[in-house]
Amino acid sequence: MEKTLFQKIADGEIPSQIVYADGQCVCFRDVSPQAPVHLLLVPRKPIPRIEQASEEDAALLGHLMLCVGLIARQEGLAENGFRVVINNGPAAGEAVPHLHLHILGGRSLQWPPG
């Protein structure tokens, strides 16, 4: 099976602006930002999308959520607020079939989002 774009980034095969990395996930700046701060947090394990995660992924999913808070504090987003978005499927805006969390901040974010 061919690696996804995000696997290649996580493996260092494609350069990116990494802001956080550990043994389970990598976070980097989006190349097409939709806010002043737009980060993508991806698990190293290639889960195609959130609805395809399994019970065995529960600890990894929890780890990703804890990393969101850590990264938001690191990036100065925690005080004023930020948004976390997971797109599931093409109709939701998913462009890469590898689970990823968008972390958006640095400006007022409107509701509904789109």
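What the table shows:
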| quantity | calculated |
| --- | --- |
| Summed side-chain charge close to Cys27 - residues other than Cys27 whose Cβ falls under 12 Å, Lys, Arg +1, Asp, Glu -1 | -1 |
| Carbon plus sulfur fraction of accessible area for the chain, probe 1.4 Å, in percent | 55 percent |
| Counted charge near Glu2, where neighbours are those whose Cβ lies closer than 15 Å (Asp, Glu -1; Lys, Arg +1) | 0 |
| Gyration tensor verdict on the range 61-114 (Cα atoms; rounded if a/c is under 1.5, prolate if a/b is larger than b/c, oblate otherwise) | oblate |
| Per-pair calculated FRET efficiency, R0 = 22 Å: Arg29 and Ala95 via Cβ, rounded to 0.05 | 0.85 |
| The chain: mean projected area of Cα convex hull, nm² | 7.4 nm² |
| Gain in span if fully extended, Met65 to Glu51, counting 0.36 nm per residue against the direct Cα distance | 3.4 nm |
| Angle in degrees between helix 58-74 and the longest Cα principal axis of the chain, rounded to the nearest 10 | 30 degrees |
| Neighbour net charge for Pro48 - beta-carbon separation under 12 angstrom, K R +1, D E -1 | -1 |
| The chain, accessible area per residue, ligands and nucleic acids excluded (1.4 Å, Å²) | 58 Å² |
| When the range 36-94 is reduced to its Cα atoms, the Kirkwood hydrodynamic radius in Å | 12.9 Å |
| Gain on full stretching of the segment that runs from Gln74 to Asp22 - 0.36 nm per residue minus C-alpha separation | 17.3 nm |
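The values are calculated or read from the model by the stated rules, or taken from the named source; none is laboratory data. Bear in mind the structure is a predicted one, so any value in this text is a computation, not a measurement. Cβ coordinates were reconstructed from backbone atoms using ideal geometry, including for glycine residues, and neighbour counts include every protein chain displayed. Accessible surface is based on the protein model in full, side chains and every heavy atom, while ligands, DNA and RNA are left aside. Shrake-Rupley method; radii C 1.70, N 1.55, O 1.52, S 1.80 Å.
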